[in-house]
Amino acid sequence: MLEIKDLHATVGGTEILKGLHLVVEPGEVHAIMGPNGSGKSTLSYVLAGREGYDVTGGRIIYNGEDLTNLEPEERAAKGIFLAFQYPVEIPGVPNSTFLNEALNAVRRYRGEEEMDKIEFIKMLRAKTKELSMSDEMLKRAVNVGFSGGEKKRNEVLQMAILEPTLAILDETDSGLDIDALKIVADGVNALRSPERSSLVITHYQRLLDYIVPDKVHILAKGRIQHTGGKELAHELEAKGYADFVGEAA
Amino acid sequence: MPATAETADQVQSIEGEKYKYGFITEIESDMAPKGLSEDIVRFISAKKNEPEWLLDWRLKAYRRWLEMPEPKWAKVDFPPIDYQQYHYYSAPKSQEDGPQSLEDVDPELLATYEKLGIPIREQEMLAGVQNVAVDYVFDSVSVATTFKKKLEAAGVIFCPISEALERCPDLVRKYLGTVVPMADNKHSCLNSAVFTDGSFVYIPPGVKCPMELSTYFRINEQNTGQFERTLIIADKGSYVSYLEGCTAPMRDENQLHAAVVELIALDDAEIKYSTVQNWYPGDADGKGGIYNFVTKRGACRGKNSKISWTQVETGSAITWKYPSCILQGDNSVGEFYSIAITNNAQQADTGTKMIHIGKNTTSRIISKGISAGKSDQTYRGLVKISAKAEGARNYTQCDSLLIGDKCGAHTVPYIESRNKAAIVEHEATTSTISEDQLFYLRQRGIPQEAAVALVVNGFCREVLQQLPMEFAVEAQKLVGISLEGSVG
């Protein structure tokens, strides 16, 4: 479903991704681990189509379609979701309004009817409860005054509402205590299905105890240096990055 | 190119063509000859069968006007106005005998208002929402007023001001020009000389007006000015909520709109006055559009009275407008909630004055300015606390949002306090729509233009919430439209 071929990307003229290959099959969860500055966040932004992250070579094929020239909203409508490392505040816009707008925008793009307001509120309440979030958080402005944990949970709530086919989690575990981590992981696991895939970008092995990956990749110097099963994460935790990165370089 | 700059460019390229109220109604009009003179003032007064005192008042205003200088202090730039190029009176011929019953309204006019989305009908605007009585002003005259009977049953007088001069001349005479003196400024002085129609409202003591009142102003004829005069009196212990809306055809010439609005709240009375101003703003290069030079002022004459102004200003080539409150009564309250959006070559200098005279008077100013394109916008406000205003309090918040890098936003707050115990607070912020915000929203599937509208609506939320529910949804859409050019 997701096939990244020889991807080169620059940010502000500097090449960050230097020939990255990655294939994620439907239903799989892949973890991408790597030291600071290895290009993890760049990869997530490039996949989501952020301006300023320019693809200079290679291709991103998603469900048989080249994504490279699509706008961020078009990619979102095709089922790509990025859980942000630093969720953005939108003052004055109630969380529920934002979620409703997003869902309807995606539906319109797909040629589907907008969801009935009452049906939407019912669904929203149910998903909010599953994530142990209060209804009050739906009324508050998007991410404004949210704690770090609340912001991350809010990302998972958005994911639960939009039901993406490819979820990219960009260091969603950073700044979370163990309880919040479990809630976030439960939310991600709840979406696991034979059609949906996830790309879990993380620094630490900890999150992978809760979201168990099918494959683990080590990203360094703009390329995948090493690929293994879930045991690779443990090995990495024990030995550190130096061994793996050095070995391939 | 950064996302915000690109948005600004898109906005710029679409705006101008998308003013959906820009059509012209083909209707035969009875017009005064072009130009301004004592004869024209007499002509208007005669058209309206006015009493002698009012003609004298108009003539006095005209003579004062001739001598008054143009106000030059606002941060707006336009060539000198040729007052002789306008027609100061224009009325649809079919309406010569003044407002008749709703059945007799010219079909062309019915079609016009239907097209504007405010049909002349006595029906519910939105299912489940209370009715709104509307006074329809077309060029210089009121062509219809709905729900008059129902309002009369409650003792409320809501009619064109020319009709009020026949029905309750003493009330008009008692209050006209008492809040905005004839020669307050050149524009109000011109209005005093040549005002044509506008609404008159009187709410008797203890009455809560049973429905929202609204006036819809439409300028149609070429080279006409609209000089309406609105007078609202809320007697002791009464309440009224009033809303005005405005549109005009797209014309290459600048049309002049110099209105005066006077509000009077007696003891324990409350007036809520809302404006959704969407006059034609001119094209992308600044050609055409309305010069909106308006004097709006409310007097809280009685104790515990309250006047609240809410404005959503999206139209006009130039806006010069400062809805103000004179807080005379002890414990009286003044409020000003404003959203001003300028795009392309629009210029707006707008704000408020809160004059604290009575004891324990409080005022609150919330101003949200959004500038896009190469527009320029100024918030200008005065908070004045007199020596006797013990316990006076003011809170002011001015927020500016910039879209693109060719627009301007300026904040000019004046504070004059002669009472040491007064508490005056002022907060101001300037921000832009960040790329992070746009990318975040777009990543969730919301297209760029809708994302901009969402952020701007969030920015304005505090003010939008002040609008009567019937209009809040419309205003929200208007905020989006005036920035995007896409019909919401």
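Residue by residue, what Karplus-based ³J(HN,Hα) values in Hz, rounded to whole numbers, does the stretch B:447-452 have, using 6.51, -1.76 and 1.60 with θ = phi - 60° and x for Gly and Pro?
x, 3, 5, 5, 5, 4
What is the stretch A:154-216's relative contact order, in percent, from Cα pairs under 8 angstrom and six or more apart in sequence?
Relative contact order comes out at 46 percent.
Whole Å is fine, so just give me how far the alpha carbon centre of the stretch A:55-88 lies from that of the stretch A:163-235.
A separation of 18 Å, based on Cα centres.
Measure off 7 Å from each Cα along the Cα-to-Cβ vector at A:Arg110 and B:Ala153, then give the distance between these two points in nanometres to one decimal.
5.2
Between B:Lys406 and A:Asn189, how high is the FRET efficiency from 1/(1 + (r/R0)^6) when r is the Cβ-Cβ distance and R₀ = 35 Å? Nearest 0.05.
That gives a FRET efficiency of 0.10.
Rank these for me by crowding, A:His8, A:His30, going from fewest to most other beta carbons within 10 Å. Before the final figure, lay out each step's value.
Details: A:His8 17, A:His30 20.
Fewest-to-most Cβ neighbours within 10 Å comes out as A:His8, A:His30.
Fewest Cβ neighbours within 10 Å first, please rank A:Glu74, B:Glu262, A:Glu114 accordingly.
Fewest-to-most Cβ neighbours within 10 Å comes out as A:Glu114, A:Glu74, B:Glu262.
Show me, for the stretch A:107-121, the HN-Hα J-couplings you get by feeding each phi into the Karplus relation (A = 6.51, B = -1.76, C = 1.60, θ = phi - 60°), rounded to Hz, glycine and proline as x.
5, 4, 4, 7, x, 9, 6, 5, 6, 4, 4, 5, 4, 4, 4
Under 5 Å between amide hydrogens, which residues at least 5 positions from A:Leu82 or on another chain qualify, with H placed 1.01 Å from N in the peptide plane?
A:Ile168
Give me a comma-separated list of calculated 3J(HN,Hα) values for the stretch B:412-417, in order, Karplus coefficients 6.51, -1.76, 1.60 applied at θ = phi - 60°, integers in Hz, x for any Gly or Pro.
10, x, 9, 10, 10, 10
Evaluate the distance, in nm, between pseudo-label points positioned 7 Å from the Cα of B:Ala111 and of B:Glu425 along their respective Cα→Cβ axes.
For B:Ala111 paired with B:Glu425, the spin-label model returns 5.5 nm.
Regarding chain A, what are the three Cα extents along the principal axes, ordered largest first, in Å?
Largest to smallest, the principal-axis extents are 56, 39, 35 Å.
Classify chain B from the C-alpha gyration tensor, please: rounded if a/c falls under 1.5, else prolate or oblate depending on whether a/b exceeds b/c.
Since a/c stays below 1.5, the shape of chain B is classed as rounded.
Only bridges with both residues in the protein assembly as shown count here: give the DSSP antiparallel percent, nearest 5. Mind dumping the intermediate values first?
Numbers: 37 of 181 bridges.
Close to 20 percent.
Compute the distance in nm between two label points, each set 7 Å from the Cα along the Cα-to-Cβ direction, one at A:Lys221 and one at A:Asn36.
Result for the modelled spin labels: 2.0 nm.
Does the protein assembly as shown come out rounded, prolate or oblate, given a ≥ b ≥ c as the square roots of the eigenvalues of its C-alpha gyration tensor, rounded meaning a/c under 1.5 and, failing that, prolate meaning a/b above b/c?
Working: a/c = 2.50, a/b = 2.27, b/c = 1.10.
Since a/c reaches 1.5 and a/b is larger than b/c, the shape of the protein assembly as shown is classed as prolate.
Report the charge-dipole magnitude of the stretch B:2-483 in Debye, nearest 20, computed about the Cα centre from +1 at each Lys and Arg Cβ and -1 at each Asp and Glu Cβ.
1720
Anything over 27 Å Cα to Cα? Flag those among A:Lys40/A:Lys139; B:Lys149/B:Lys353; A:Lys122/B:Lys368; B:Lys60/B:Lys296, in the order listed.
Long pairs (Cα-Cα over 27 Å): A:Lys40/A:Lys139; B:Lys149/B:Lys353; A:Lys122/B:Lys368.
Pick from A:Ile211, A:Ile60, A:Ile90: which residue has the top mean-square fluctuation in a GNM of chain A where Cα pairs under 10 Å get a spring?
A:Ile90
Neighbouring Cβ atoms within 10 Å as the yardstick, rank A:Arg110, B:Arg461 fewest first.
Final ranking by Cβ density, sparse to dense: A:Arg110, B:Arg461.
Expressed as a whole number of Å, what is the distance separating the alpha-carbon centroids of the stretch B:326-369 and the stretch B:254-316?
11
May I ask what percent, to the nearest 5, of DSSP beta bridges between residues of the stretch A:2-245 are antiparallel?
60
Would you calculate a helix-derived [θ] at 222 nm for chain B, using -39,500 (n - 2.57) for each DSSP H run of n ≥ 4 and dividing by the full residue count, to the nearest 500?
-7500 deg cm²/dmol
With both partners inside chain B, how many of the DSSP beta bridges are antiparallel, as a percent to the nearest 5?
Roughly 10 percent of the DSSP beta bridges within chain B come out antiparallel.
Just want to confirm a number: the relative contact order over chain B, from Cα pairs under 8 angstrom separated by 6+ residues, in percent.
With pairs under 8 Å counted, the relative contact order is 12 percent.
Throughout, read-outs are computed from the coordinates displayed, never taken from laboratory work. Computed from a predicted structure; not experimentally measured. Quick reminder, even Gly has a Cβ in these numbers, built from the backbone with ideal geometry, and neighbours come from all protein chains shown.
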